[in-house]
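Below you'll find the structure, written out as structure tokens, and then a few comments.
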Amino acid sequence: MHHGYEEPVYLISVVAKVLTIHPQTLRQYEREGLVRPSRTDGKMRLYSQRDIDKIKMIQRLTRDLGVNLAGVDIIMQLKEKIDDFEELVESLRSELSGLSKKSNQTKNPLVKHKNSYEIILFGE
């Protein structure tokens, strides 16, 4: 069975075993707000593949680079902002490309450049 990237399907025990991490550590990550697993009606945590990838990143930062959890939180927030900005830039590029194509079809340039020069002469 194939599940979507964001579909919560993995129990905490499975995630802990796959990532060789203690379930208490996963609970700590949740308390710190680093990971937000979904909950069943019976309050059981369910993790998605996205959550697992996020936990892997937390592990790399803490284990390999020695970053504490407060630092991990800041890094993850900045990464999220960068991802949002990259999406925005790509959207604006696409929009600009569409406008540029439309402008070329009508033979009117999208942006007209006007040069403005000031000449200052100093006398002796």
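Derivation of every value follows stated rules applied to the coordinates shown; laboratory data play no part. Owing to the predicted nature of the structure, the values given are computational and were not obtained by experimental measurement. So basically every Cβ, Gly included, is an ideal-geometry build from the backbone, and we count neighbours across all protein chains shown.
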#### Entry: Extension gain, Val18 back to Arg93 (0.36 nm per residue minus Cα-Cα distance, nm)
23.0 nm
### Task
Below 24 Å Cα-Cα, how many Lys pairs turn up in the range 10-105? Only count pairs eight or more apart in sequence, or on different chains, if you could.
9
#### Entry: Simple label model, 7 Å out from Cα along Cβ direction - Arg27 to Lys101, nm
5.5 nm
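Please compute one quarter of the surface area of the Cα convex hull for the range 10-105 and express it in square nanometres.
If I average the Cα hull's projected area over directions, I get 8.8 nm².
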### Task
Name the residues whose placed amide hydrogens come within less than 5 Å of the amide hydrogen of Tyr47, ignoring near sequence neighbours (fewer than 5 apart) on the same chain.
Val9, Tyr10, Leu11
## Note on the structure
Projected onto the charge dipole of the range 10-105 (unit charges on the beta-carbon of Lys, Arg, Asp and Glu, signs +1, +1, -1, -1), the Cα from Ala70, Pro23, Ser48 with the largest positive-side position is that of Pro23
